[in-house]
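Engineer: A single structure is presented below for examination.
The values are calculated or read from the model by the stated rules, or taken from the named source; none is laboratory data. Values in this document were obtained by computation on a predicted structure and should not be read as measured data. Note that each Cβ is placed from the backbone with ideal geometry, even for glycine, and that neighbours are counted across all protein chains shown.
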């Protein structure tokens, strides 16, 4: 069985477990930048790999792509954003993918910041990040990115990333997908019903908590970019229902220096108005 070295970790692995890069591929940029962001590789190795990949096709372990995708999805889950999921009626399997709008802006900025450590001219967009994530979901979803669901919720997840696979829950009308993140032992679970609706978005692992907000900050004014403000209106601030972006359901306006967000919530019904001050 032929083994070849991975450019990033230098380990010799079976060639079938290696991915051939393409020169100037944005997948390579997002891969290396994400691994840098989450301290899964160091800057010197990332720079060495990037310099080699822009000239010639190289071999990088599938595992590095899997790790990067899991780290990105984990960060999305921690801010309440789950992958879009549906059941493929033809094959009876759960398919997951991300949209451009699913990529949090703070994550995009951080990935781009690390990309510019590789080259100051690199630009990372939500389309490139979601494209990378979807590539990994489509390539590795059967072997790795889908996990068997344990019915014993007290048992800690010990499944390694190369043993992850999909399984049906005990219910006949629901299938549950388990995505294990390398940053946590707690899996994200997405339950999909017969109507292809998903369960509530995942939350960060138990035990994580933040400090109490400084009361003085609650009466302070902040400068916020318009697109950042609108990104907070993925869900209705009143009832938590996801606001559809397929139509013009969110609009930013202003009254003097006061930002105003008009939005349409399917649960609250009718136009809703949010004032910044």
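Engineer: Considering only the stretch 85-111, state which residues are touching a residue at least 40 places away in the same chain (Cβ under 8 Å) and not in a helix (DSSP H, G or I).
Structural biologist: Those that are touching a residue at least 40 places away in the same chain (Cβ under 8 Å) and not in a helix (DSSP H, G or I): 85, 86, 87, 93, 94, 95, 96, 97, 104.
Engineer: Look through the stretch 19-31, keep the residues that are over 15 Å from residue 62 (Cβ atoms) and in contact (Cβ under 8 Å) with a residue 40 or more places away in the chain, and return whichever of them is surrounded by the fewest Cβ atoms within 10 Å (Cβ to Cβ).
Structural biologist: 26
Engineer: Taking the stretch 128-160 as the region of interest, how many residues are outside any loop (DSSP other than H, G, I, E, B) and either in contact with a strand residue (DSSP E or B) (Cβ under 9 Å, 6 or more places away or on another chain) or at pLDDT 50 or above (or both)?
Structural biologist: Residues in the stretch 128-160 being outside any loop (DSSP other than H, G, I, E, B) and either in contact with a strand residue (DSSP E or B) (Cβ under 9 Å, 6 or more places away or on another chain) or at pLDDT 50 or above (or both): 17 in total.
Engineer: While we're on this one: Do the conditions hold for residue 32, that is, is it over 14 Å from residue 135 (Cα atoms), outside any strand (DSSP E or B) and modelled with pLDDT under 95?
Structural biologist: no
Engineer: Identify, please: which residue in the stretch 112-127 is touching a helix residue (DSSP H, G or I) at 6+ places or on another chain (Cβ under 9 Å) and part of a loop (DSSP other than H, G, I, E, B) and is, among those, surrounded by the most Cβ atoms within 10 Å (Cβ to Cβ)?
Structural biologist: Ranking the qualifying residues of the stretch 112-127, first place goes to 124.
Engineer: Which residues, taken from the stretch 1-16, are in a helix (DSSP H, G or I) and either surrounded by 15 or more Cβ atoms within 10 Å (Cβ to Cβ) or in contact with a strand residue (DSSP E or B) (Cβ under 6 Å, 6 or more places away or on another chain) (or both)?
Structural biologist: 15
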